[in-house]
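In what follows, a structure is listed as structure tokens, so that the remarks can point back to it.
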Amino acid sequence: MVTEGWPPNRTGLNPNSGEAYDYYGLMLSSLERNDEALEMQRRAHELDPLAHRMDLVTTYLRAGRYEEALRGVTRVLEVEPFLPLVHLTLGWVQLLTGKAGQGVATLEKGLALSPDNSLYLAQVGQAYGMVGRTDEARAVLRRLEDLSTERYVSPYHMAYVHTGLETKSGQWTGWSGPTGSGRAASSVSKDRFSSPHYGGTPGLTCCFKK
């Protein structure tokens, strides 16, 4: 149980530190305190707009404020067209607003810009599972397992793919929803993203600090 006053706000110790506001905002966002999180992220962006612009975008995304997230990520894309993080974030915006095919393609584009990133690979695998491309999702899972024999791969990344697949293994019961059980989907409901992880939007590690 989160007690009142937690997490403590220590931004006053260095009120000109964008990093302080940024990390505090991310913590608040993970607790679904979205209005407070956005206030912190806007301040971080004001103090250091180049460093914290994507965190502001993803806080909008976590909060379900998709139009603002789309405007923000589009602005960043204009100046950073080869940044994988931007494409991955845009892909989730598209996926969450019912553009499943376009969203997956954009996620794939982001992965192509950083193909060795297991985190990004996991995000694409999760998206495959969520839109019913289960064979491809399982192929991603096998790829992650193979990579784990060569270098460290976080089990968390594999969990993303299992999340998308709605695997029922005793450890994960998956989501229920009209696009589950391997059926293809033309769109993905926001409700299917409901989870404590990332303030109601799992699968957005691609959008946050590595």
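For region 53-99, name all the residues that are among the basic types (Lys, Arg), surrounded by 17 or more Cβ atoms within 10 Å (Cβ to Cβ) and either at pLDDT 95 or above or not in a helix (DSSP H, G or I) (or both). I'd like the intermediate steps shown before the answer.
Within region 53-99, the subset among the basic types (Lys, Arg) is 53, 62, 65, 71, 75, 99.
Now restrict to residues that are surrounded by 17 or more Cβ atoms within 10 Å (Cβ to Cβ): 53, 62, 99.
Lys99, the sole residue that qualifies.
For region 115-140, which residues satisfy the criterion of being without any contact (Cβ under 8 Å) to a residue 24 or more places away in the chain, surrounded by fewer than 23 Cβ atoms within 10 Å (Cβ to Cβ) and not charged (D, E, K, R)? Give the derivation first.
At the first step, the residues of region 115-140 found to be without any contact (Cβ under 8 Å) to a residue 24 or more places away in the chain are 115-116, 124, 135-136, 139-140.
Pick out the ones that are also surrounded by fewer than 23 Cβ atoms within 10 Å (Cβ to Cβ) and you get 115-116, 135-136, 139.
Answer for region 115-140, where residues must be without any contact (Cβ under 8 Å) to a residue 24 or more places away in the chain, surrounded by fewer than 23 Cβ atoms within 10 Å (Cβ to Cβ) and not charged (D, E, K, R): Pro115, Ala139.
On the given criteria, is Leu147 over 18 Å from the mean Cα position of the chain (by Cα) and modelled with pLDDT of 50 or more? Reasoning before the result, please.
Values: over 18 Å from the mean Cα position of the chain (by Cα): yes; modelled with pLDDT of 50 or more: yes.
Against the criterion (over 18 Å from the mean Cα position of the chain (by Cα) and modelled with pLDDT of 50 or more), Leu147 qualifies.
Of a type outside the set (Asp, Glu) and under 17 Å from Glu68 (Cα atoms): which single residue out of Leu38, Leu28, Leu13, Leu50 fits that description?
Working: Leu28 fails: under 17 Å from Glu68 (Cα atoms); Leu13 fails: under 17 Å from Glu68 (Cα atoms); Leu50 fails: under 17 Å from Glu68 (Cα atoms).
So the residue among Leu38, Leu28, Leu13, Leu50 that is of a type outside the set (Asp, Glu) and under 17 Å from Glu68 (Cα atoms) is Leu38.
Could you tell me whether Leu111 is under 20 Å from Ser154 (Cα atoms), surrounded by 21 or more Cβ atoms within 10 Å (Cβ to Cβ), in contact with a Pro (Cβ under 9 Å, 6 or more places away or on another chain) and not assigned by TED's automatic domain parsing to the domain that holds Gly64?
Values: under 20 Å from Ser154 (Cα atoms): yes; surrounded by 21 or more Cβ atoms within 10 Å (Cβ to Cβ): yes; in contact with a Pro (Cβ under 9 Å, 6 or more places away or on another chain): yes; not assigned by TED's automatic domain parsing to the domain that holds Gly64: yes.
Spelling it out, Leu111 is indeed under 20 Å from Ser154 (Cα atoms), surrounded by 21 or more Cβ atoms within 10 Å (Cβ to Cβ), in contact with a Pro (Cβ under 9 Å, 6 or more places away or on another chain) and not assigned by TED's automatic domain parsing to the domain that holds Gly64.
Within region 100-139, restricting attention to residues that are assigned to a helix (DSSP H, G or I) and charged (D, E, K, R), which residue is nearest to Arg151 (Cα to Cα)?
Going through region 100-139, the residues assigned to a helix (DSSP H, G or I) turn out to be 100-112, 118-130, 134-139.
If we keep only those that are charged (D, E, K, R) as well, we get 108-109, 135-136, 138.
Numbers: Glu108: 22, Lys109: 24, Asp135: 24, Glu136: 22, Arg138: 20 Å.
Checked region 100-139; the qualifying residue nearest to Arg151 (Cα to Cα) is Arg138.
When you check Ser148 against the structure, is it among the small types (Gly, Ala, Ser), buried (at least 16 other Cβ atoms within 10 Å of the Cβ) and either on the phi < 0 side of the Ramachandran plot or in contact (Cβ under 8 Å) with a residue 60 or more places away in the chain (or both), yes or no? It would help to see each step written out before you state the result.
On the way: among the small types (Gly, Ala, Ser): yes; buried (at least 16 other Cβ atoms within 10 Å of the Cβ): no; either on the phi < 0 side of the Ramachandran plot or in contact (Cβ under 8 Å) with a residue 60 or more places away in the chain (or both): yes.
The answer is no for Ser148.
Going through region 35-80 one residue at a time, which ones are of a type in the set (S, T, N, Q) and in contact with a Ser or Thr (Cβ under 7 Å, 6 or more places away or on another chain)? I'd like the intermediate steps shown before the answer.
Keep residues of region 35-80 that are of a type in the set (S, T, N, Q), which gives 41, 58-59, 74.
Within region 35-80, Gln41, Thr58, Thr59 qualify.
Give all pairs with beta carbons closer than 7 Å in which a residue from region 87-106 that is under 20 Å from Asn117 (Cα atoms) meets a residue that is part of a loop (DSSP other than H, G, I, E, B); count only pairs at least 6 apart in sequence or on separate chains.
His87/Leu113; Trp92/Gly203; Trp92/Leu204; Val104/Val131
The values are calculated or read from the model by the stated rules, or taken from the named source; none is laboratory data. Note that the coordinates shown come from a computational prediction; the quantities given were computed from them, not determined experimentally. All Cβ positions, glycine included, derive from the backbone under ideal geometry; neighbour counts span all protein chains shown.
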